[in-house]
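The values are calculated or read from the model by the stated rules, or taken from the named source; none is laboratory data. None of these values were measured; they are calculated from a predicted model. When we count neighbours, we look across all protein chains shown, and the Cβ atoms used for this are built from the backbone with ideal geometry, even at glycine.
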Amino acid sequence: MALTNQEIADIFDNIADMMEINGENRFKYLSYRRAGETLTDLPRDLQAYVDDGTLTDIPGVGKAIGDKIKELLETGQLQFYEKLRAEVPETLLEIKRINGVGPKKAKLFWDELNITTLPDLEKAAQEGKLRNLSGMGAKSEQKILDGINALSRNRGRTPIGAAQNAADAILNELLELPQVEQGIVAGSLRRGRPTIGDLDLLVVSDEAAPIMEHFVSMSRVARILGQGPTKSSVELRTGLQVDLRVLPRERFGTALQYFTGSQAHNIRIREIALKQGYSLNEHALRPVDSDGNMKDESEYLYCATEEEVYEAIGLPWIPPEIREDQGEIEAAQQGKLPHLITTDHLIADLHMHTTASDGTLTIREMAEAARERGIQYIVITDHSQRNIIANGLSTERVLEQQKEVRQIDESYGDDFHILHGIEMDILEDGSMDYPDEVLAQLDFVVASLHFGLTQDRATVTQRLINAISNPHIDCIGHMTGRLIGSRPGADIDFDAVFSAAVEHGTILEINANPMRLDLDAQYARRAIELGIPLAINTDAHSANQMDLRSYGILTARRAWAEPENVVNTWPFARFLDWIRARG
């Protein structure tokens, strides 16, 4: 079986780490790290780029890396990687993940004590063998032990929902301090990535000391990783690391741009700044002369806002969700940045559940909750009969429910509208959970995979194509079935599925639940490029879950989605015309 994009990206990440430990040239290992980040976000299989000759058109993929990708696709192995693995033990990569242990220390432990695994490192630290090494001491040794314990608590990246909740709680507490003027979350959370490595918080103040003291003393803090005059780092009881920086107003914009990232985007921005005669870092735009020498500090350009940073180098402000070096800089230079969708554009929710299946509210209660949130129309889509665990509706129950939906809808007049549908299972054998004569009576049908997610690619792809080809199915819900951090999605041939969706005009859903966010952004962007309509649905099972639509918006913005690309922005009359035209 051919390697997936993610598997190849992981190999390149490992190569970058091993080269860094080996002391290789920084630009060499960064090229592999950038390639790994890019491959993770590709909307198509790498083999498709090889087949159509566009592999080296991918940002960060030149001839050398392109040849390595081809070798991996053709053979499943890479000689260059195998050579590195023979030189650098892979277990050192786990050691490098410990907070405060970079490549130099990992190599130090390896060279001086032949330590290559976490258990060996932990044992050496417990026995006091690290403190006498160069640059170490008793405190450093204890920090290593604390870092190993932290790794055991937090083995992976944090889903965006949990990260956002933690960030909001901390930031809201800091904003109550009299010294804090303004605060914001930066990093990958601000960019809307589905998982977060750690949190970056920035606040504006001229009095950093009391803010830092309060931050490291919060009840949710498990341990202090570092405390300085303007920057502190802590580890929460959940294992999540949080970095806080306090800045004066005049430097806030430069820092926010820098710490928002992504790394690939910032590298490009710094290159543009140099061409404009500036060296850009998190502090300021520093003028340089023709020889690259820094001019006097009195000429530094400080920026209170991000807009000032981009303006200084001749660019319009670029929304953080698309700062991934995926064409946004070129679009900015050409005046073609997308007018991204916002939560205010959403006036409908086309996928939700009630007490008829596994929801917590009745039809009317869900309708009232939607109205309170400014939604103008909804579709009730309880589970179909195959989903026994979720109390799925039999054909008799779903048609009986339709009568209740019609009565409640009529009671609202023209102020609000309720349509009736179903979230129907696509069965393991590729058939649909309801016969066509039942589906034909429903207003809107969402077809989803809930079972058989581990089937081979050809089988699960054909199941989706069968659903898309059915004239009574309007939308594919959470296409891969993934649950972030706990269940991988089905292995799907997205090109084949997208081709079918184009042919049949089927909507593809971005499920806004932060544990799903499915379609992921790179696939949603590909769908937009192909003209496939998207829906941002909450899949709500309660009133509070309707508020999750903000996460769906983040994913859509990462996909460069504009309001016209998303059917939930359509007026009710237009949506009704669309579903009637489908027959």
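Numbers at a glance
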item: Top-ranked residue in the range 237-258 [being buried (at least 17 other Cβ atoms within 10 Å of the Cβ) and hydroxyl-bearing (Ser, Thr, Tyr); ranked as nearest to the chain's Cα centre (by Cα)]; result: TYR258
item: Single residue of the range 200-229 satisfying the filter (modelled with pLDDT of 95 or more, touching a strand residue (DSSP E or B) at 6+ places or on another chain (Cβ under 7 Å) and not in a strand (DSSP E or B)) that is surrounded by the fewest Cβ atoms within 10 Å (Cβ to Cβ); result: VAL216
item: Every pair of residues 6+ apart whose Cβ atoms lie under 7 Å, when the first sits in the range 555-583 and is touching a residue at least 40 places away in the same chain (Cβ under 8 Å) and farther than 20 Å from ARG526 by Cα while the second is in a helix (DSSP H, G or I) and of a type in the set (Val, Ile, Thr); result: PHE575/VAL567
item: Where a residue in the range 102-125 is free of Cβ contacts under 8 Å to residues at least 24 places away in the same chain and under 10 Å from LEU92 (Cβ atoms) and its partner, wherever it lies, is of a type in the set (Phe, Trp, Tyr) and surrounded by 18 or more Cβ atoms within 10 Å (Cβ to Cβ), with Cβ under 9 Å and at least six apart; result: ILE115/PHE109
item: Exclusive hit being outside the structural domain of LEU118 (by TED's automatic domain parsing) and not polar (S, T, N, Q), set GLY147, GLY239; result: GLY239
item: In the range 548-583, the residues that are in a helix (DSSP H, G or I), more than 20 Å from GLU423 (Cβ to Cβ) and among the charged types (D, E, K, R); result: ARG557, ARG558, GLU564, ARG574, ASP577, ARG580
item: Breaking point among (1) free of Cβ contacts under 8 Å to residues at least 12 places away in the same chain; (2) in a helix (DSSP H, G or I), for GLN6; result: (1)
item: Some residue of the range 272-287 being aliphatic (A, V, I, L, M) and either assigned by TED's automatic domain parsing to the domain that holds GLY192 or more than 31 Å from the chain's Cα centre (by Cα) (or both); result: no
item: Breaking point among (1) over 23 Å from the mean Cα position of the chain (by Cα); (2) closer than 23 Å to GLN164 by Cβ, for GLU207; result: (2)
item: Qualifying position, being assigned by TED's automatic domain parsing to the domain that holds ASP382, closer than 22 Å to LEU46 by Cβ and polar (S, T, N, Q), among THR480, THR538; result: THR480
item: Exclusive hit being under 34 Å from the mean Cα position of the chain (by Cα), more than 25 Å from ALA581 (Cβ to Cβ) and surrounded by fewer than 20 Cβ atoms within 10 Å (Cβ to Cβ), set SER469, SER431; result: SER431
item: Test: GLU307 is modelled with pLDDT of 95 or more, surrounded by fewer than 17 Cβ atoms within 10 Å (Cβ to Cβ) and in contact with a helix residue (DSSP H, G or I) (Cβ under 8 Å, 6 or more places away or on another chain); result: yes
item: Any hit, the range 355-367, residues being assigned by TED's automatic domain parsing to the domain that holds GLY261, in contact with a strand residue (DSSP E or B) (Cβ under 8 Å, 6 or more places away or on another chain), over 20 Å from ARG190 (Cβ atoms) and not in a loop (DSSP other than H, G, I, E, B); result: no
item: Close pairs (6 angstrom Cβ cut-off, 6 or more residues apart or separate chains): within 9 Å of THR254 (Cβ to Cβ) and touching a residue at least 12 places away in the same chain (Cβ under 8 Å) in the range 293-316, surrounded by 14 or more Cβ atoms within 10 Å (Cβ to Cβ) and hydroxyl-bearing (Ser, Thr, Tyr) anywhere; result: CYS303/THR254; VAL309/THR254
item: Selected residue (only one of PHE80, PHE12 is more than 23 Å from the chain's Cα centre (by Cα) and part of a helix (DSSP H, G or I)); result: PHE80
item: Filter result for the condition that a residue is within 25 Å of ARG373 (Cβ to Cβ) and in contact with a Ser or Thr (Cβ under 6 Å, 6 or more places away or on another chain), over LEU534, LEU554, LEU548, LEU508; result: LEU548
item: Among (1) without any contact (Cβ under 8 Å) to a residue 60 or more places away in the chain; (2) outside the structural domain of GLU562 (by TED's automatic domain parsing), the one test that GLU328 misses; result: (1)
item: Residue pairs meeting the criteria (Cβ under 7 Å; at least 6 apart or on separate chains; first under 14 Å from MET19 (Cβ atoms), in the range 67-87; second of a type in the set (Asp, Glu)); result: LEU78/GLU71
